[in-house]
Amino acid sequence: MRRTSLVTGGVQGIGRAIVEALHARGDRVFVFDRLDQHDPLVQGLVSLCHYITVDVASRDSIKAGFTALASHTSSLDILVNNRSEEHTSELQS
C-alpha cells in the first residue's frame, strides 16, 4: 500500500535519510523545511518528494504549509516530526 508521508526538516541529515527511505519503499513524500525551494540542497531532493517551504518557528508559515499540503492530498498516513524549534533561557532562582 502506498502511504502519504510528511517529514519536517527533511532536506539534510537524518531527515533526508528518512525521506529517501520512505521514497524507496514507494511512499508519496512531502517535506516541510525552511530552506528556499531554489537552494541546491532542495533541488537535489525534489525528485524524491513534494517540497513545501515552511518555517516551523512561525505559526503563519505552518498554516500556509498545511494549506499547500491540502491542495495535493486529502490524507496523511505518516508524520515524522524531525524538525523543531528550540527556545532556551537561563533558569532563575
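Give me the net charge for the shell around HIS23: Cβ to Cβ below 13 angstrom, other residues only, Lys and Arg +1, Asp and Glu -1. Once positives and negatives cancel, what remains is +3.
Taking every protein chain into account, the accessible area of the chain amounts to 66 square angstrom per residue (probe 1.4 Å). Angle between the Cα long axis of helix 59-70 and the longest principal axis of the chain, 0 to 90 degrees, nearest 10? With rounding to tens, the tilt is 10 degrees. Amide hydrogen proximity for ARG83: with H placed 1.01 Å from N in the peptide plane, the residues at 5 or more positions away or on another chain lying under 5 Å are THR8, GLY9.
For Rg/Rh (Cα atoms, Kirkwood Rh), the candidate list reads [x] 1.03; [y] 0.94; [z] 1.12; the entry that matches the value derived from this model is [x]. For the stretch 40-83, the square roots of the Cα gyration tensor eigenvalues, ordered a ≥ b ≥ c, give a/c of at least 1.5 with a/b no greater than b/c, which places it in the oblate category. If R0 is 22 Å, the Cβ-Cβ spacing of THR67 and ILE14 corresponds to a FRET efficiency of close to 0.25. A simple count of charges around LEU45, restricted to other residues whose Cβ falls under 10 Å of its Cβ and scoring Lys, Arg +1 and Asp, Glu -1, yields -2.
Let me know the charge dipole size of the chain about its Cα centre in debye, to the nearest 20, where only the beta-carbon of Lys, Arg (+1) and Asp, Glu (-1) is charged. Write out the running numbers ahead of the final one.
On the way: 9 positive and 11 negative charges, 93 e Å.
Around 440 debye, computed over the chain.
Within the accessible area of the chain, what % is carbon and sulfur when the probe is 1.4 Å and the other protein chains stay in place? With neighbouring chains kept in place, the figure for the chain is 49 percent.
The values are calculated or read from the model by the stated rules, or taken from the named source; none is laboratory data. The structure displayed is predicted, hence computed values, not measured ones. Backbone-built Cβ (ideal geometry, glycine too); neighbour counts: all protein chains shown. Only protein heavy atoms, including side chains, enter the accessible area calculation; ligands, DNA and RNA are left aside. Shrake-Rupley method; radii C 1.70, N 1.55, O 1.52, S 1.80 Å.
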